[in-house]
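Would you mind keeping the following structure in view while I ask a few things?
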Amino acid sequence: MEKRRLGQSSLDVPPIAFGCNVFGWTADEKTSFALLDAWLEAGFNFLDTADVYSRWHPGNSGGESEVIIGKWLKARGNRDRIVVATKLAAEMGPGKSGLSRAYMQTAVEDSLRRLQTDYIDLYQSHRDDPETPIEETLSAYAALIKQGKVREIGASNFSAERLAQSLKVSSENGLPRYQSLQPQYSLVERAEFEGQLEDLCLAEKVGVIGYYSLASGFLTGKYRSRADTEGRARGSRAAKYLNDHGLRVLKALDEVATRYEAKPGQIALAWLIARPSVTAPIASATTLEQLGELAEAAKIELDAESIQKIDAASKPV
């Protein structure tokens, strides 16, 4: 399995990260264990989760995904083989959010307990916290790294301006730097990342692990009409792409997929993997069949003509 260095960090990761937001939501514990076993068997070991996953699901309070991963790590005894990425800062309850030193100290202990581990490989600021000084946040990360609880840090959903400011504070004060950025990035969501953010990540050698890489399943091609989205857990999220632009992207993916004897979603991931700025797109699966398709996507090397065709069809309107 090809490994890629994540930014300038000590972490080498495979070209696709498994998005564990489905655990405790659309994948129960038994299914999650089967998916994790198969993912590792296929040669992948990069897992992305967050403390808040999956708080949005009725009956959940957050932490469900981390708990399942923790049980799996303990049951399999394979912690040293896995790169675990999790996040903090999203609201976990009243007064439980943000990137203040005090909250970070609490949040990391909660995540470590749920994950049943002594350390987190990549600890990410889930979203920016303009109320807390950047230096306070990075100093808190420095303390966690010194304590051995965190190996590397990353940012998620940061603007180019705030990421640049954070990198500047790191450099000027000898503090840990964000080694990765997790933006929303897919063929139907290009505008937010491409431009200033992508240029900054390339210039500063910040790794990129974009989320919603398959646009909530839309880019797999399973949602071709409004009727296809009805009664599906992520159907409402995918429905917004059922427009001329989205359907044009699917047409291009269909055409390229035929050439490669692949599926549209695999081509969408292959396009992201080929992007010079991207280290590893994040994608989820809830069945072994879907997981197998993700694994095969990493083997597809698109030629320049295919990339150009997809580029043209998906160019932001």
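Just a yes or no: is a residue in the stretch 231-247 among the basic types (Lys, Arg), in a loop (DSSP other than H, G, I, E, B), at pLDDT below 95 and over 23 Å from residue 87 (Cα atoms)? Spell out the reasoning first.
Residues of the stretch 231-247 that are among the basic types (Lys, Arg), as a first pass: 232, 234, 237, 240.
Subset that is in a loop (DSSP other than H, G, I, E, B): 232, 234, 240.
Next, from what is left, pick out any that are at pLDDT below 95: 232, 234, 240.
Cutting the leftovers down to over 23 Å from residue 87 (Cα atoms) gives us 232, 240.
Yes, that holds for at least one residue.
Of 119, 103, which residue is over 22 Å from the mean Cα position of the chain (by Cα), over 19 Å from residue 182 (Cβ atoms) and surrounded by 16 or more Cβ atoms within 10 Å (Cβ to Cβ)? Give the steps one after another, and end with the answer.
Values: 119 fails: over 22 Å from the mean Cα position of the chain (by Cα).
Residue meeting the stated conditions: 103.
Scan the stretch 198-210 and report the pairs whose first residue is more than 14 Å from residue 275 (Cα to Cα) and of a type outside the set (Lys, Arg) and whose second residue is open to solvent by 30 Å² or more (accessible area, probe 1.4 Å) and part of a helix (DSSP H, G or I), with Cβ atoms within less than 6 Å and a gap of 6+ or a chain change.
If the second residue must be open to solvent by 30 Å² or more (accessible area, probe 1.4 Å) and part of a helix (DSSP H, G or I), the pairs left are 200/164.
Test each condition in (1) under 15 Å from residue 17 (Cα atoms); (2) surrounded by fewer than 22 Cβ atoms within 10 Å (Cβ to Cβ) for residue 297 and report the one that comes out false.
(2)
Any idea which of (1) open to solvent by less than 10 Å² (accessible area, probe 1.4 Å); (2) within 21 Å of residue 127 (Cβ to Cβ) is the one residue 53 doesn't satisfy?
Among (1) open to solvent by less than 10 Å² (accessible area, probe 1.4 Å); (2) within 21 Å of residue 127 (Cβ to Cβ), the lone unmet condition for residue 53 is (1).
Out of all the residues in the stretch 128-137, which are open to solvent by less than 50 Å² (accessible area, probe 1.4 Å) and touching a helix residue (DSSP H, G or I) at 6+ places or on another chain (Cβ under 6 Å)?
Those that are open to solvent by less than 50 Å² (accessible area, probe 1.4 Å) and touching a helix residue (DSSP H, G or I) at 6+ places or on another chain (Cβ under 6 Å): 128, 134.
I would also like to ask the following. Identify all residues within the stretch 58-90 that are under 20 Å from the mean Cα position of the chain (by Cα) and loosely packed, with under 15 Cβ neighbours inside 10 Å; write none if there are none. Steps first, answer last, please.
To start, the set of residues in the stretch 58-90 that are under 20 Å from the mean Cα position of the chain (by Cα) comprises 62-70, 72-73, 79, 81-90.
Answer for the stretch 58-90, where residues must be under 20 Å from the mean Cα position of the chain (by Cα) and loosely packed, with under 15 Cβ neighbours inside 10 Å: just 81.
For residue 183, state whether it is within 23 Å of the chain's Cα centre (by Cα), under 20 Å from residue 268 (Cβ atoms) and either crowded, with 21+ Cβ neighbours inside 10 Å or modelled with pLDDT of 95 or more (or both).
On the way: within 23 Å of the chain's Cα centre (by Cα): yes; under 20 Å from residue 268 (Cβ atoms): yes; either crowded, with 21+ Cβ neighbours inside 10 Å or modelled with pLDDT of 95 or more (or both): yes.
It is true that residue 183 is within 23 Å of the chain's Cα centre (by Cα), under 20 Å from residue 268 (Cβ atoms) and either crowded, with 21+ Cβ neighbours inside 10 Å or modelled with pLDDT of 95 or more (or both).
Next question. Just give me the residues in the stretch 174-213 being in contact with a Lys or Arg (Cβ under 9 Å, 6 or more places away or on another chain), within 14 Å of residue 9 (Cα to Cα) and not in a loop (DSSP other than H, G, I, E, B), in sequence order.
The answer is 179, 204, 207, 208.
The values are calculated or read from the model by the stated rules, or taken from the named source; none is laboratory data. Everything numeric in this text was worked out from a predicted model, so none of it was measured. We place every Cβ from the backbone using ideal geometry, glycine too, and count neighbours over all the protein chains shown. Heavy atoms of the whole protein, side chains included, go into the accessibility calculation; ligands, DNA and RNA do not. Shrake-Rupley method; radii C 1.70, N 1.55, O 1.52, S 1.80 Å.
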